[in-house]
Amino acid sequence: MKVLIIGSGARESAIAWKYSKSKCVSGVFIAPGNAGTDKIGTNLNIDPFDFNAIIEACQSHKIDAVFVGPEAPLSAGIVDALQAKGIYAIGPNKEAAQLESSKTFSKQFMLRHNLPTAKAWEFADPALFENHVKSLSGKWVVKKNGLAAGKGVLESDNQAEMIAFGNEILKSDTLIIEEFLAGYEISVFVLSDGKNYIVLPPCSDFKKAKENDLGPNTGGMGSICPVPWVNSELKKNIRHNIIEPTMEGLKMDGINYKGIVYIGLMITQEGPKILEYNVRFGDPETQVLLPVIDIDFGDLTHSLIEGTIQNIPVSENEKSAVGVVIAAEGYPGPYKKNQPVTIDENLSESDALVFHASTIVENGQVLTKGGRCFSVVGMGKDTIDAAVKAYEHIDKVCFPGSWYRKDIGKKFFMDEDI
Ligand code: AMP
Ligand code: GLY
């Protein structure tokens, strides 16, 4: 089988790496990929939004399946375009992708199917929004309705700040304002073939820019898998109260969902509540999830195509992974690009993995191009051990102005004696 992965981030690097380990995959192509994926498979210099060029590449390279990494091509209808040409693509069609691309669509879905989530109000008009904010007290969350790469959200108890943030959104979009939920966040990934589904081990993403979960939201500064606090009782609760009604709700709404349902959960004192749905794997969760699961991605792809996903056994391979994102100077604000990188490739995969994000090679030199540039993933017998490995290997990647959070995973083992 030959596969084409769409995207250029560290998530797509991890997906390409996982396919390269499959016993039934003979070709891994990545469009456009990065400096790291070119060593795992073959990069194709194609824009993820140029669907005609992707279709041509699939035909000329005899691609059997396309794995779409990021949300933007999914909500632009890449799966519909590929399916129309008989090319199998892993991901939902444009209609189903609204679960991520429209916060009002997904909130209405949650309410219609009685799923636990924060109460929310939608606004299109600045004056009505401002009046509403002035009637509030305490902490609230303001969210852009459309896609915002994890940065369209403000949590605040300051009315002036909420109004300024909301008014900026209202220049080009609608917004929702919702109750602030306290707790800890986890990401749950469900893989559906349209009829049946499997649930992968939970991950946790560290979204804030600064240590101790402070500072602005980012696309994600680190991740862990599995999550030590998620015991079998909580897993059952999530399955029963969140996953089953979500998958049932999709069927009831006539949505034939094929691909990944990413459920962002806040584990509150009242139990798990849904923060958001996404329609693809998480970044940086994928970088820790894929090294931990023992699934052959070639087999997985066959089962998605054939509608036999329930035959894929999900067993955690008793390893833990902690991933630390190395970001560019300035991120999550305007950041420096084109920084020369030195990488020490001398790694043992049982200890650590390095996944590139949006890097390129110019005149033999690896350069940074994005805000989040690398994920360094430590592997261990538990979260503590994996975190130690990640930070032991973090200096394998160096470039001017690089920075990372020094506490990824820590809150989950702070109670333990180390
Ligand atoms: P979203 O794009 O809706 O996932 O929001 C991005 C991030 O903002 C989430 O991962 C949370 O860290 C935070 N967030 C979103 N909604 C809420 C909420 N209702 N209460 C607390 N934090 C939230
Ligand atoms: N980890 C956050 C996201 O992928 O949206």
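The values are calculated or read from the model by the stated rules, or taken from the named source; none is laboratory data. What you are looking at is a predicted structure, and each value in this text was computed from that prediction instead of being measured. Cβ sites come from the backbone with ideal geometry, for glycine too, and all protein chains shown count toward neighbours. For the accessible areas, the whole protein counts, side chains as well, though only heavy atoms, and no ligand, DNA or RNA atoms are used. Shrake-Rupley method; radii C 1.70, N 1.55, O 1.52, S 1.80 Å.
Quick notes on this structure:
- The stretch 215-235, residues that are open to solvent by 60 Å² or more (accessible area, probe 1.4 Å) and either among the charged types (D, E, K, R) or within 12 Å of ligand 1 (Cβ to nearest atom) (or both): PRO216, GLU233, LYS235
- When GLY401, GLY380 are checked against the criterion of being in contact (Cβ under 8 Å) with a residue 60 or more places away in the chain, in contact with a strand residue (DSSP E or B) (Cβ under 6 Å, 6 or more places away or on another chain) and either crowded, with 17+ Cβ neighbours inside 10 Å or not basic (Lys, Arg) (or both), GLY380 stands alone in meeting it.
- Residue that is nearest to the chain's Cα centre (by Cα) [pool: residues in the stretch 40-71 that are outside any helix (DSSP H, G or I), within 14 Å of SER8 (Cβ to Cβ) and among the hydrophobic types (A, V, I, L, M, F, W, C)]: VAL68
- If the condition is being closer than 26 Å to ILE242 by Cβ, buried (at least 19 other Cβ atoms within 10 Å of the Cβ) and touching a Ser or Thr at 6+ places or on another chain (Cβ under 7 Å), then the stretch 108-139 contributes MET110, LEU115.
- Among the residues of the stretch 375-397, at least one is over 26 Å from VAL227 (Cβ atoms) and outside any strand (DSSP E or B).
- Search result, residues across the stretch 332-369 that are crowded, with 23+ Cβ neighbours inside 10 Å and assigned to a loop (DSSP other than H, G, I, E, B): ALA357, SER358, THR359, THR368
- Residue in the stretch 142-165 that is open to solvent by less than 60 Å² (accessible area, probe 1.4 Å), aromatic (Phe, Trp, Tyr), under 25 Å from SER101 (Cα atoms) and more than 9 Å from ligand 1 (Cβ to nearest atom) present: yes
Table: residues versus (1) at pLDDT 95 or above; (2) open to solvent by less than 10 Å² (accessible area, probe 1.4 Å); (3) within 15 Å of ligand 1 (Cβ to nearest atom); (4) among the basic types (Lys, Arg).
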position: GLY264; (1), (2), (3), (4): yes, yes, yes, no
position: GLY282; (1), (2), (3), (4): yes, yes, yes, no
position: GLN287; (1), (2), (3), (4): yes, yes, no, no
position: LEU290; (1), (2), (3), (4): yes, yes, no, no
position: ASP296; (1), (2), (3), (4): yes, no, no, no
position: THR301; (1), (2), (3), (4): yes, yes, no, no
position: LEU304; (1), (2), (3), (4): yes, yes, no, no
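- Candidates PRO334, PRO340: the one that is without any contact (Cβ under 8 Å) to a residue 12 or more places away in the chain and more than 19 Å from the chain's Cα centre (by Cα) is PRO334.
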